[in-house]
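This report refers to the structure that appears directly beneath it.
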Amino acid sequence: MEYSKNDIIKRLKRIEGQVKGIQRMIEKDECCSDILIQIAAVRAAMNKVGGIILENYSKNCIRKAVESNFEENKIDDLIEMMIKFMK
């Protein structure tokens, strides 16, 4: 499935709301375990957005590689980006 820029922005705004919620939880001295659960949820959401962006980038990179008869630098660009994302 190809995600649009709007899909990604909606996800990021949802994450932003989650982060603000965490800030409020900390200000209200809420239970640490509840805060950590919310932080884990934000991490998972960020990983999902990163995966979506990487997927879109990969498709675009592969498309360009095919159009340019698999120029080695296009494949290298894709691999480099995947390594950066995995760190």
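Laboratory data are not the source of any read-out in this text; all were calculated from the coordinates shown. All of these numbers come straight from a predicted model, not from anything done at the bench. Every residue, glycine among them, receives a Cβ derived from its backbone with ideal geometry; neighbour counts consider all protein chains shown.
Considering only helices (runs of 4 or more DSSP H) fully contained in the chain, which possess at least 2 residues that are touching a helix residue (DSSP H, G or I) at 6+ places or on another chain (Cβ under 7 Å) and in contact (Cβ under 8 Å) with a residue 40 or more places away in the chain?
5-27, 32-67
Among what's in the range 50-83 and is among the polar types (S, T, N, Q) and farther than 17 Å from residue 5 by Cβ, pick the residue that is surrounded by the fewest Cβ atoms within 10 Å (Cβ to Cβ).
Going through the qualifying residues, I end up with 69.
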